[in-house]
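The values are calculated or read from the model by the stated rules, or taken from the named source; none is laboratory data. In this text the structure is predicted, and so the values were computed from the model without any measurement. Cβ placement follows ideal geometry from the backbone for every residue including glycine, while neighbour counts extend to all protein chains displayed.
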Amino acid sequence: MKKIVVALCVAVLVTVGAGAQTKVSLKQGDNLPDRTSGMGLVFDTINSEFKAANPGVDIAVESYPDQPWQEKVKIYVAAKQLPDINKYWSFPGMFKPLIDAKLVQPLDKGAFDKLGYLPGALESNVYDGKLYGLPLTADCWVIYYNKKLFKEAGVTVPTTYEELLALVPKFKAKGIIPAVTDGKDAWPLVETFDNLAERINGNFGRVDAALKRTAKFTDPDFVQAATLLQKMATSGLFADDLMVSDYGASRNLFGQGKAAMYLMGTWEVGLATDANFSQDFRDNVDAFKFPVVKGGKGKVDDLVAWYGGNIFVNATGKNKDMGVKYLDFLAKRWPALAWEKQAGYPAQKVVARANDTTLAKTLLAIGSDAKATSGTPSLDRSDAQFKDSIQKAIGELVVSIITPEEFCKKVDAAAAKAAKK
Amino acid sequence: MAETKPLSGGFVSLERVPMKRLFNNRPVIAALVVPGLLIMVFAMIIPIGFSVYYSLTNWSGIGDFQWVGFANYVEILTADPTFWRSLANVGILILVTVFLQNTAAFALAALLARLTPRWSRFFRTIYFIPAVLSVVVITALWGNIMNPTFGILNKFLSLFTTDPVTTSWLGKPATALGSVVWIIVWQGFGWALLFFYSALMTLPVELEEAAKIDGAGRWMTYTRVILPYLFPVISAIIVIDVISSLKQMEIIFLSTGGGPGDLTQFTAVYLYQKAFVASQYGYGNGLSILFVVVAVGLTLLVQRIFRTEGELA
């Protein structure tokens, strides 16, 4: 009897011991609450594959919309509860503070060099000579449009800013909202401002010059860009709820065929495969390049483009080795899966396929046509306070609480303040 | 008189000890007070202490920080129009809840008090529904009602106009503040109504009858007899209004986020945004400390006003 009891105890201990040895629970945080389609689905697929390849590993995912996730990361950092793997952004204003606080696990760049990353993609995540995160998407600012609604209103794709505004009365006459974007979070308005400024001055370097104080945001090109942006709102181009319409709301208005255009980045390539929208919409969604401004120096193939979304491992987490292993796995699976599901525009080379959606083909073409690219958008080139200031000021600009001159003064003051630090 | 001997540890035997003696015993007093005191120290004093500490730094919330003395406070008080705007908005909300919401709630409570119990209960339940709904639900509900594109409010108003109404209630500078204040008042109305109704129910019938015999009309009965009688309830309601207006955060955060510009900014939202969106954790703490000072000051002021008025009455 005694022997049996001892044997049982040993068996239990061995089982428990073995279980404890292999059981790793990875925490993952991201900004992809929709797990049924798009990038959320791709992540879930990769997670399942990773778990299958690494028995005993479990991945607990928590997802929030963009802005709440950015705030959550700050709160998690303060509370020392940052997840093991985090989908984040590579911008200096956001990523650098985490790196400086030694929260980001450095990666071996050599291991990723041969995985088909686009020129400059990995470099966007290199700080002080070390690779800290893996870029996920190549992001370009474009205008999505609904071909069917364009046909209904009897209009064609605009190639100039002036033509774009001329579409407004034609859509309104048909009861169609001309354009939507996420105005509540304001950053899409700043991307648009960047784009307009370049269309006027033909030089993406101007923003950096203004931030480094060798130029000023109150210079005429920026004032003109602000004037054109304000006119986009006052002319009725955007839906009336621009300032209260968040990411999901504006995307839905476009996907449900209520709005003809949608100003957003190429990460929305999944619009054409999103099962939440009608087949009719998916067949008709396409994109065009941001129009030029008459008399401006910028060309239509100068692209506001950057490597934004990335993924990093928490250097202070107890599972950082497994986290790095996950990133290795992800880097190999991500481009093919993301492109196969047409869920994102990967920061790695993809092979165009015959059955790619029209939208995906267009976006690939826009990317390969690019003659000059902007790099990090203006709002993310400085610190969080500058970002907050320009976002708030641009909100005031589009609802005409302030004039374009006042907007430029506010942004310039914020840039001066940030440069002092 | 029962003889009680102190026990060895200084405690008295609890058997047959008069309450008075028990409460004069220091260890007993300490044992009763300490748990509450500890909770207060850990839940209030220490966090506020930390907040004061961080408010004197330039901490971003991540990484190292420097000691900056009172720089945050100086900037808030001398160079931050948003702070003053947010306080002014809190003031507007206090005025609206105290004067408009309470007047409407009192009038309605007086009407309900005259209905048969069944109808009165029915209407009270209806009016109280907003108070039991989640703030998230309420904000989403009104966000949809006021949506310029598909909102029912514009559809309804369009029935009376030739051109369709497309007002963006929460997004337009002229209507944004009014719209969020409306949502807040709509949510708080049920509570005010409930308080007034309960107070009216405690009103002795004789009081009204006496007034009637003395020849007072309905208006005079309410203004000269009933309202003064309800004074303690009214003062309690106003103190609650002031505190809840100061604390207002969720509805603003979920509907306008303080925009457009700063037009609907409230202090509780602003300090959160500074700390966690703009990564100015130190500055945000400075705002919160000033806000505590304003809130405590205002609450004391209101209580003082009512104490003197109550004594006069």
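Screening A:Glu162 with (1) over 16 Å from A:Leu263 (Cβ atoms); (2) out of contact with any Lys or Arg (no Cβ under 6 Å at 6 or more places or on another chain) gives one miss only, at (2).
Taken over region A:256-302, the criterion of being crowded, with 23+ Cβ neighbours inside 10 Å, over 17 Å from A:Leu189 (Cβ atoms) and within 14 Å of another protein chain (Cβ to nearest Cβ) is satisfied by A:Ala260 alone. Beta carbons closer than 7 Å, at least 6 apart along the sequence or on distinct chains, pair a first residue in region A:233-250 that is within 14 Å of A:Phe171 (Cα to Cα) with a second that is in a helix (DSSP H, G or I) for A:Ser235/A:Leu165; A:Ser235/A:Val168; A:Gly236/A:Val168; A:Gly236/A:Lys172; A:Leu237/A:Leu165; A:Leu237/A:Val168; A:Phe238/A:Met232; A:Ala239/A:Leu253. Condition first: within 13 Å of chain A (Cβ to nearest Cβ) and modelled with pLDDT of 90 or more. Can you find one or more residues in region B:115-138 that meet it? For region B:115-138, residues within 13 Å of chain A (Cβ to nearest Cβ) and modelled with pLDDT of 90 or more: present. Let me confirm something: among B:Thr256, B:Thr223, which residue is more than 14 Å from chain A (Cβ to nearest Cβ) and either of a type outside the set (Asp, Glu) or within 26 Å of A:Ile75 (Cβ to Cβ) (or both)? None of the others qualify; the one that does is B:Thr223. Of all residues in region A:283-291, at least one satisfies being touching an Asp or Glu at 6+ places or on another chain (Cβ under 9 Å), charged (D, E, K, R) and modelled with pLDDT of 95 or more.
Answer with yes or no whether B:Phe156 is in a helix (DSSP H, G or I) and not aliphatic (A, V, I, L, M). Yes, satisfied.
When each of A:Asp185, A:Asp208, A:Asp219 is tested for being within 13 Å of another protein chain (Cβ to nearest Cβ) and closer than 21 Å to A:Phe407 by Cβ, the lone residue that passes is A:Asp185. Each residue in region A:409-421 was checked for being surrounded by fewer than 18 Cβ atoms within 10 Å (Cβ to Cβ), under 20 Å from B:Tyr281 (Cα atoms) and within 11 Å of chain B (Cβ to nearest Cβ), and 2 of them qualify. Across region A:127-168, the number of residues qualifying as touching a residue at least 24 places away in the same chain (Cβ under 8 Å) and part of a helix (DSSP H, G or I) comes to 11.
Answer yes if at least one residue in region A:80-100 is closer than 24 Å to A:Leu32 by Cα, loosely packed, with under 15 Cβ neighbours inside 10 Å and either touching a residue at least 40 places away in the same chain (Cβ under 8 Å) or of a type in the set (A, V, I, L, M, F, W, C) (or both), and no otherwise. Spell out the reasoning first.
First pass over region A:80-100, keeping only residues closer than 24 Å to A:Leu32 by Cα: A:80-99.
Pick out the ones that are also loosely packed, with under 15 Cβ neighbours inside 10 Å and you get A:80-81.
Those still in the list that are either touching a residue at least 40 places away in the same chain (Cβ under 8 Å) or of a type in the set (A, V, I, L, M, F, W, C) (or both) too: A:80.
Looking through region A:80-100, at least one residue is closer than 24 Å to A:Leu32 by Cα, loosely packed, with under 15 Cβ neighbours inside 10 Å and either touching a residue at least 40 places away in the same chain (Cβ under 8 Å) or of a type in the set (A, V, I, L, M, F, W, C) (or both).
In this structure, does B:Gln248 turn out to be polar (S, T, N, Q), crowded, with 16+ Cβ neighbours inside 10 Å, within 14 Å of another protein chain (Cβ to nearest Cβ) and in contact with a helix residue (DSSP H, G or I) (Cβ under 7 Å, 6 or more places away or on another chain)? Quick ask: steps written out before the conclusion?
Numbers: polar (S, T, N, Q): yes; crowded, with 16+ Cβ neighbours inside 10 Å: yes; within 14 Å of another protein chain (Cβ to nearest Cβ): no; in contact with a helix residue (DSSP H, G or I) (Cβ under 7 Å, 6 or more places away or on another chain): yes.
Taking the combined requirement at face value, the residue does not satisfy it.
Taken over region B:57-74, the criterion of being touching a helix residue (DSSP H, G or I) at 6+ places or on another chain (Cβ under 6 Å) and of a type in the set (Phe, Trp, Tyr) is satisfied by B:Trp59, B:Tyr73.
Tell me, which helices (runs of 4 or more DSSP H) lie completely within region B:229-313 with 1 or more residues that are modelled with pLDDT under 95 and acidic (Asp, Glu)? Spell out how you get there, then give the answer.
Numbers: elements: B:231-247, B:250-255, B:267-276, B:281-312.
Fully inside region B:229-313 and qualifying: B:231-247, B:250-255, B:281-312.
Take region A:36-62 and flag every residue that is touching a residue at least 24 places away in the same chain (Cβ under 8 Å) and surrounded by fewer than 15 Cβ atoms within 10 Å (Cβ to Cβ). Once the filter is applied, which keeps residues that are touching a residue at least 24 places away in the same chain (Cβ under 8 Å) and surrounded by fewer than 15 Cβ atoms within 10 Å (Cβ to Cβ), region A:36-62 yields A:Thr36, A:Glu49, A:Ala53, A:Pro55, A:Gly56, A:Asp58, A:Ala60, A:Glu62.
Quick one: how many residues across region A:132-157 are more than 19 Å from A:Val300 (Cβ to Cβ) and crowded, with 22+ Cβ neighbours inside 10 Å? Qualifying residue count for the region: 8.
Meeting the requirement of 2 or more residues that are touching a helix residue (DSSP H, G or I) at 6+ places or on another chain (Cβ under 6 Å) and within 14 Å of chain B (Cβ to nearest Cβ), the helices (runs of 4 or more DSSP H) wholly within region A:318-408 are A:384-398. Hey, any hits in region B:1-16 for a residue that's modelled with pLDDT of 85 or more and surrounded by 11 or more Cβ atoms within 10 Å (Cβ to Cβ)? No, region B:1-16 has no match at all. Tell me yes or no: at least one residue of region B:46-55 is assigned to a loop (DSSP other than H, G, I, E, B), at pLDDT 90 or above, within 14 Å of chain A (Cβ to nearest Cβ) and in contact with a Phe, Trp or Tyr (Cβ under 9 Å, 6 or more places away or on another chain). Within region B:46-55, not a single residue is assigned to a loop (DSSP other than H, G, I, E, B), at pLDDT 90 or above, within 14 Å of chain A (Cβ to nearest Cβ) and in contact with a Phe, Trp or Tyr (Cβ under 9 Å, 6 or more places away or on another chain). Can you pull out every residue in region A:224-244 that is under 18 Å from A:Gly298 (Cα atoms) and not small (Gly, Ala, Ser)? Across region A:224-244, the qualifying residues are A:Gln224, A:Thr227, A:Leu228, A:Leu229. Number of residues in region A:42-86 that are more than 12 Å from chain B (Cβ to nearest Cβ), of a type outside the set (Asp, Glu) and in contact with a helix residue (DSSP H, G or I) (Cβ under 8 Å, 6 or more places away or on another chain) equals 17.
Being within 14 Å of chain A (Cβ to nearest Cβ) and small (Gly, Ala, Ser) is the filter here; which residues of region B:179-209 pass it? Quick ask: steps written out before the conclusion?
Our first condition is that a residue be within 14 Å of chain A (Cβ to nearest Cβ); within region B:179-209, this holds for B:179-180, B:183.
Passing the criteria: only B:Ser179.
Only one residue in B:Ile29, B:Ile92, B:Ile39 is surrounded by 13 or more Cβ atoms within 10 Å (Cβ to Cβ) and β-branched (Val, Ile, Thr), so which one is that? Spell out the reasoning first.
Working: B:Ile29 fails: surrounded by 13 or more Cβ atoms within 10 Å (Cβ to Cβ); B:Ile39 fails: surrounded by 13 or more Cβ atoms within 10 Å (Cβ to Cβ).
Selected residue: B:Ile92, the only one of B:Ile29, B:Ile92, B:Ile39 that is surrounded by 13 or more Cβ atoms within 10 Å (Cβ to Cβ) and β-branched (Val, Ile, Thr).
Within region A:109-128, identify whether any single residue is more than 14 Å from chain B (Cβ to nearest Cβ), of a type outside the set (Ser, Thr, Tyr), over 27 Å from A:Ala365 (Cα atoms) and buried (at least 19 other Cβ atoms within 10 Å of the Cβ), and answer yes or no. No: region A:109-128 contains no residue that is more than 14 Å from chain B (Cβ to nearest Cβ), of a type outside the set (Ser, Thr, Tyr), over 27 Å from A:Ala365 (Cα atoms) and buried (at least 19 other Cβ atoms within 10 Å of the Cβ).
The set of residues in region B:166-209 being without any contact (Cβ under 8 Å) to a residue 40 or more places away in the chain, part of a loop (DSSP other than H, G, I, E, B) and under 30 Å from B:Met249 (Cβ atoms) consists of B:Thr166, B:Thr167, B:Ser168, B:Trp169. Scan region A:219-234 for residues that are crowded, with 16+ Cβ neighbours inside 10 Å and at pLDDT 95 or above and jot them down. Scanning region A:219-234 gives A:Asp219, A:Asp221, A:Phe222, A:Val223, A:Gln224, A:Ala225, A:Ala226, A:Thr227, A:Leu228, A:Leu229, A:Gln230, A:Met232.
Look at (1) part of a helix (DSSP H, G or I); (2) closer than 23 Å to A:Gly395 by Cα and you find that A:Asp182 fails only one, number (1).
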